[in-house]
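The next block holds one structure in the form of structure tokens; read it before the comments.
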Amino acid sequence: MSNTDSFIEEVTEEVRRDRVFGLMRRYGWIAVLGVVAIVGAAAANEVRKNNARAAAQDTGDALIAAVSSSEASERVDALAGLTTDSANAQVIADLLLATHQLEVDAGEDATATLEGLVTSAQDMPDIYRQIAAFKAVLAQGADTPAADRRLALEALAAPGLPLSLLAREQLALLTLEEGDAEGAISQLQELLQDAAVTAGLRRRASQLIVALGGTPENAFGAVADQ
């Protein structure tokens, strides 16, 4: 019985081996194709990463070259003619362009550049649009009616937005520009009581309150550090 069982097991094992080899001969190409596909995908991914890295370096070099001139007007010309393959990089280039346009007193051009970002149809992080909208208000200055600037700043000052505190500071300055010193002090005091206010913003608000004849207070009603 032992020899018989052993013989049966050997035969069974041989049959199983033949079946495996048969399956490998019939379907082995699928496994090979799978390996080739995996290796090819890995290689393509690596090439894509290298291309993206090279493109980012080229964009960075182009931006550095554009702002390297000692003449502001040349920087404006270089940035105005700069186009990139990356939407985010183009936003940075346009923000830099607006900054240098303001440097050469081209406020209208800077406003047009920034408003172009705000209304752009291209996909970009919302924070970029908010930064552009905020800088556009600053670029417009007194050339734009106070009511229009207030409307734009109030949209940016909504709770939870990243530029809310800076927009509220500008709203206080706008209130002061309109001749309402008491209203400006009240807005600045409210700003000081916000737990998220930064040290720099707290210092600016406190100094302006003092300059307007008020006494800055923190969230606990005590006199704030100036």
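Only one of Q189, Q207 is open to solvent by less than 50 Å² (accessible area, probe 1.4 Å) and in a helix (DSSP H, G or I). Can you tell me which?
Working: Q207 fails: open to solvent by less than 50 Å² (accessible area, probe 1.4 Å).
After applying the criteria, what remains is Q189.
Scan region 65-89 residue by residue and report those that are without any contact (Cβ under 8 Å) to a residue 24 or more places away in the chain, assigned to a helix (DSSP H, G or I) and within 23 Å of P125 (Cα to Cα).
To start, the set of residues in region 65-89 that are without any contact (Cβ under 8 Å) to a residue 24 or more places away in the chain comprises 65, 68-71, 74, 77-83.
With the extra rule that they be assigned to a helix (DSSP H, G or I), the set shrinks to 65, 74, 77-80.
Within region 65-89, L79, A80 qualify.
Right, A98: at pLDDT below 75, surrounded by 10 or more Cβ atoms within 10 Å (Cβ to Cβ), in a helix (DSSP H, G or I) and of a type in the set (A, V, I, L, M, F, W, C) or not?
No; evaluated as a whole, the condition is false for this residue.
Scan region 123-151 for residues that are open to solvent by 70 Å² or more (accessible area, probe 1.4 Å), over 16 Å from A172 (Cα atoms) and not in a helix (DSSP H, G or I) and report the count.
Count: 1.
Would you check if there is a residue in region 193-201 being loosely packed, with under 15 Cβ neighbours inside 10 Å, of a type in the set (A, V, I, L, M) and closer than 26 Å to D109 by Cβ?
no
Name the residues in region 46-98 that are closer than 23 Å to A133 by Cα, within 20 Å of the chain's Cα centre (by Cα) and among the small types (G, A, S), would you?
Result: S86, A87, A89, A93, A98.
Any residue that is in contact with a helix residue (DSSP H, G or I) (Cβ under 8 Å, 6 or more places away or on another chain), assigned to a helix (DSSP H, G or I) and surrounded by 14 or more Cβ atoms within 10 Å (Cβ to Cβ) - is there at least one of those in region 210-223?
From region 210-223, those in contact with a helix residue (DSSP H, G or I) (Cβ under 8 Å, 6 or more places away or on another chain) are 212-219; that's our starting set.
So of that shortlist, the ones also assigned to a helix (DSSP H, G or I) come out as none.
Looking for residues that are in contact with a helix residue (DSSP H, G or I) (Cβ under 8 Å, 6 or more places away or on another chain), assigned to a helix (DSSP H, G or I) and surrounded by 14 or more Cβ atoms within 10 Å (Cβ to Cβ), one finds none in region 210-223, hence no.
Yes or no: region 162-169 includes at least one residue that is part of a loop (DSSP other than H, G, I, E, B), more than 15 Å from L138 (Cβ to Cβ), modelled with pLDDT under 95 and within 28 Å of the chain's Cα centre (by Cα). Write out each step before concluding.
Here is the first cut: in region 162-169, the ones part of a loop (DSSP other than H, G, I, E, B) are 162-163.
Retained after the next criterion (residues that are more than 15 Å from L138 (Cβ to Cβ)): 162.
Applying the additional criterion that residues be modelled with pLDDT under 95 yields 162.
Narrowing further to those that are within 28 Å of the chain's Cα centre (by Cα): 162.
Among the residues of region 162-169, at least one is part of a loop (DSSP other than H, G, I, E, B), more than 15 Å from L138 (Cβ to Cβ), modelled with pLDDT under 95 and within 28 Å of the chain's Cα centre (by Cα), which makes the answer yes.
From the set of residues in region 165-186 that are of a type in the set (S, T, N, Q) and free of Cβ contacts under 8 Å to residues at least 24 places away in the same chain, which is surrounded by the fewest Cβ atoms within 10 Å (Cβ to Cβ)? Quick ask: steps written out before the conclusion?
Filtering region 165-186 for residues of a type in the set (S, T, N, Q) gives 170, 175, 186.
Next cut, free of Cβ contacts under 8 Å to residues at least 24 places away in the same chain only: 175, 186.
Details: T175: 20, S186: 15.
The extreme case among them is S186.
The values are calculated or read from the model by the stated rules, or taken from the named source; none is laboratory data. Note that the structure is predicted; figures quoted are calculated from it, not measured. No Cβ is skipped: glycine too gets one built from the backbone with ideal geometry, and neighbour counts run over all protein chains shown. To get the accessible areas, we keep the full protein, side chains included, count just its heavy atoms, and leave off ligands, DNA and RNA. Shrake-Rupley method; radii C 1.70, N 1.55, O 1.52, S 1.80 Å.
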